[in-house]
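These notes are about the structure you will find just below.
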Amino acid sequence: MIQKRDFYINGQWVAPAKPRDHLVVNPSTEEACAVISLGDQPDTDAAVASASAALPAWSATPPAERAEYVKGILAQYEAREEEMAQAICLEMGAPIDMARDSQATCLPWHLKNFLTAFEEIEWVRPLGPHAPNDRIALDPIGVVGLITPWNWPMNQVTLKVIPALLAGCTIVLKPSEEAPLSSLLFTEFVHDAGVPAGVFNMVNGDGAGVGSQMSSHEDIAMISFTGSTRAGRAISLAAAQTLKRVTLELGGKGANVIFADADDKAVKRGVIHCMNNSGQSCNAPTRMLVERSIYDQAVEIAAEVANSIKVGPASEPGDHIGPIVNKTQWDQIQAMIAVGIEEGARLVAGGLGLPEGVNRGYFVRPTVFADVNNDMRIAREEIFGPVLSIIPFEDEADAIRIANDTQYGLTNYVQSQDGAKRNRMALALRSGMVEMNGKSRAAGSPFGGVKMSGRAREGGVWGIEEFLEVKAISGWAAD
């Protein structure tokens, strides 16, 4: 079994102040694969003190030099990328091919995009031609606490750590205790890249412990959190006492609006997207809104596609989906499938229990409900599993009404060959992101939502600016 009890504080691996073992469970086998330690207040305080001490020198480091350290992290990843894929596969159950092709590769994708965006940052710029002696300067916000989830571990670690480093902030990272192995490896990358001691610190812990201690710590200027809306509320309340900046990337219940003139792959594409990563993505299109005239055909296709999706152990190669991360999540998903049945939705694929031929592991059957209405719990609550709800709509106005009738607002999707209609929909939908006709957002595009999905903007220039303060200066001496 992997033994990783130490934390990374002030450039060194150090033992926890008080041992508190936590088992990391392989969700494909339900067996422990690693043991870490969960930190407590002394560990949090030591990490914050280290970051505070390192802040003056790091914030004064020339931006170009900070970028060189970040390039060093990329070089470490490129030398050890298979280790990263294996860690993610083991800790949270991403099938190994997906871990290699989609999960681990989030690190170089986002890191390179941030380096490109970094070149656009103007650290001191004129206010405007009307004020020749005024300047706007950008300063790092200070010590930042970063709390990351288990579902896309390197995606979220990279989206937070890299822009914070580039901005000149110093860091305390608390990865999810469910999936800490990839972050421990990432920490080795940071260390081996030569990032100065104290600039980056990593303490394992749970939300109630290290997470809440960071959120209320008076020496942390900002918390960036990705996770559940429930936890986001708790963090906001804890952070309010110290008036720190809080950026939240929370849940979603994305609508995938499929019009009658959509291309013939739209339904299949939507089902596969929903089931990707075993449905454990906040931006998954879990509500499929289908125009009435093609509704019956869409339900038939969706059921066929879901029934064709294979489920299997993460360690096996292939295009199957893997397990849910843990027993608690599995139980919650099963409960919501039961709710859908009780509410009267029509089960057309999947359902309760383990997939056929499976007797261990936290596997969920790819499930599709038809004849759902937007008042049902399965249409309103984030299930965070491979469960799709299909809802009919009458026309464009009806689609907008249903899509926007949710507490969430992360990503919505539109499928239509009518460009003017797509544009109208994109502007009318209340969400931080809209993707149309299967086209992903381009490099440098911000990721984030509105309403109960939080209001963070991660990625590109916006992702770096999250970690900067704006300073207005008058009386600037002209060159």
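The values are calculated or read from the model by the stated rules, or taken from the named source; none is laboratory data. This one's a predicted model, so the numbers in the text were calculated from it and none came from an experiment. Cβ: placed from backbone, ideal geometry, glycine included. Neighbour counts: every protein chain shown.
General observations
- Verdict on residue 208 being in the same structural domain as residue 38 (by TED's automatic domain parsing), free of Cβ contacts under 8 Å to residues at least 12 places away in the same chain and either crowded, with 22+ Cβ neighbours inside 10 Å or not in a loop (DSSP other than H, G, I, E, B) (or both): yes
- Of residues in the range 125-143 being aliphatic (A, V, I, L, M) and part of a loop (DSSP other than H, G, I, E, B), the one nearest to residue 72 (Cα to Cα): 141
- Count of the range 347-378 residues which are touching a residue at least 40 places away in the same chain (Cβ under 8 Å), charged (D, E, K, R), out of contact with any Ser or Thr (no Cβ under 9 Å at 6 or more places or on another chain) and over 20 Å from residue 406 (Cα atoms): 1
- Applying the condition of being touching a helix residue (DSSP H, G or I) at 6+ places or on another chain (Cβ under 8 Å) and in a helix (DSSP H, G or I) to the range 233-265 and asking which residue is nearest to residue 378 (Cα to Cα) yields 234.
- All told, residue 237 meets the bar of being surrounded by fewer than 21 Cβ atoms within 10 Å (Cβ to Cβ), assigned by TED's automatic domain parsing to the domain that holds residue 84 and of a type in the set (A, V, I, L, M).
- Exclusive hit being closer than 17 Å to residue 301 by Cβ, part of a loop (DSSP other than H, G, I, E, B) and either outside the structural domain of residue 424 (by TED's automatic domain parsing) or touching a helix residue (DSSP H, G or I) at 6+ places or on another chain (Cβ under 7 Å) (or both), set 372, 364: 372
- Against the test of being under 14 Å from the mean Cα position of the chain (by Cα) and either assigned to a strand (DSSP E or B) or within 30 Å of residue 475 (Cα to Cα) (or both), the options 173, 146, 159, 166 yield a single qualifying residue, 146.
- Candidates 255, 284, 238, 262, filtered to the one that is small (Gly, Ala, Ser) and over 28 Å from residue 326 (Cα atoms): 262
- Here 107, 181, 159 are screened, and the one residue that is buried (at least 23 other Cβ atoms within 10 Å of the Cβ) and either within 25 Å of residue 243 (Cβ to Cβ) or modelled with pLDDT under 95 (or both) is 159.
- Flag set for residue 358, criterion: over 24 Å from residue 227 (Cα atoms) and either in a loop (DSSP other than H, G, I, E, B) or not aliphatic (A, V, I, L, M) (or both).
- Some residue of the range 331-352 being part of a helix (DSSP H, G or I), within 23 Å of the chain's Cα centre (by Cα) and farther than 25 Å from residue 301 by Cα: yes
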